[in-house]
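Worksheet for the structure shown next.
The values are calculated or read from the model by the stated rules, or taken from the named source; none is laboratory data. This structure is a prediction, so every number in the text was calculated from the model and none was measured. Cβ placement follows ideal geometry from the backbone for every residue including glycine, while neighbour counts extend to all protein chains displayed. Just the protein is used for accessible areas: all its heavy atoms, side chains included, with ligands, DNA and RNA removed. Shrake-Rupley method; radii C 1.70, N 1.55, O 1.52, S 1.80 Å.
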Amino acid sequence: VDFMKENSIEDNIFNEYHWGGYFSWKYKGAKVFIDGRMTGWHNEGRSMLSDYIEIKMGNCEVASKYPIRTLLLEAGSKSVCFDDFEQVYKDDVAEVWVKSD
């Protein structure tokens, strides 16, 4: 979170579900993909939680429906749907990837 704040990385973040609430709390204004409050939310008739799970499983068609620009993922868990992203941060717990332009 500190790295993302220091580098003003705050938009269109695809994050680990279990980090969403903490991330929203520590980085007010950042646009996370999902957190515990959002499990009942829908986008175009589909559950955001279902879409999150599909993306984590590698369903790139679902991922392409979202303007994801940043990934906040557990170390070593990059999805196949984001091959055009570059890693900009890594520690023992988390990795941050940003979309290459």
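Rounding to the nearest 20 debye, state how big the charge dipole of the chain is about its Cα centre with +1 on each Lys and Arg Cβ and -1 on each Asp and Glu Cβ.
It comes to approximately 360 debye.
Once ligands and nucleic acids are excluded and a 1.4 Å probe is used, how much of LYS5 is accessible, expressed in Å² to the nearest 10?
Rounded to the nearest 10, that gives 100 Å².
Let me check I've understood the local charge: for PRO67, count other residues with C-beta under 11 angstrom from its C-beta, Lys and Arg +1, Asp and Glu -1. What total comes out?
Once positives and negatives cancel, what remains is +3.
Gain in length, LYS99 to LEU49, computed as 0.36 nm per residue apart minus the alpha-carbon separation, to one decimal in nm?
So the chain would gain 15.8 nm between LYS99 and LEU49.
Count of lysine pairs in the chain with Cα atoms under 24 Å apart, counting only pairs 8 or more residues apart in sequence or on different chains?
26
For the chain, what log10 I(q)/I(0) values come out of the Debye formula at q = 0.18, 0.23 1/Å, with one point per alpha carbon and no solvent?
Log10 of I(q)/I(0), two decimals: -0.82, -1.38.
Between TRP25 and GLN87, take the C-beta separation as r, use R0 = 30 Å, and let me know the FRET efficiency to the nearest 0.05. Mind showing how you got there, number by number?
Values: r = 25 Å, r/R0 = 0.83.
E(calc), rounded to 0.05, equals 0.75.
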